[in-house]
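Coordinate-derived values only; no laboratory data. The structure presented is a predicted model; accordingly, all values stated were derived computationally and were not measured. Here the Cβ is made from the backbone with ideal geometry for all residues, glycine too, and neighbour counts use every protein chain on show.
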Amino acid sequence: MRHSTLAVAIALALTSIALPTLAADRSTAEEAKKHFQRGRELYDDGDLAGALKELERSYAGVPNFKLLYNIGQIQAHQQDYTSALKSFRRFLTEGAGEVTEGRRAEVLKEIDKLRTRVAELTITVSVDGAE
């Protein structure tokens, strides 16, 4: 499988993530770190589906907005455009003050590209509690 551009983006982002290790949450943080490391290994082996699952597990344990960038990259590469769009939007929202301008511009460009590949629909109902 050839995914060199994605590999560079994820390798750079993955190496910059430091998961918190507060004493009270040490076991949760350690578990999240293990999932993160497994995700990295699976990504390096070309197993994008496995890497995605591990990164999602890491994020569930210790939410870190930087993981959302990696998750979005893999989802986009797997042609799961709707999920990628959600992940990139969450990345920008959750990382609001910490995302560099360069990365913000890159993600906004990716969002624009993804928006041409998905449709958005708003449904308004007049019944309380409708889903």
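Ranked highest first by average number of other Cβ atoms within 10 Å, how do 84-93, 102-111, 117-126 line up? Mind showing how you got there, number by number?
Numbers: 84-93: 19.5, 102-111: 14.4, 117-126: 6.8.
So the order, starting with the most tightly packed, is 84-93, 102-111, 117-126.
Applying 1/(1 + (r/R0)^6) with r as the Cβ-Cβ distance of E30 and K53 and R0 = 22 angstrom yields a FRET efficiency of 0.75. Look at the dipole of region 37-109 built from charges on Cβ: of A84, Y59, L108, the Cα furthest out on the positive end belongs to L108. Pairs exceeding 18 Å between alpha-carbon atoms, taken from K33/K53; K33/K66; K34/K66; K53/K109; K66/K86: K53/K109.
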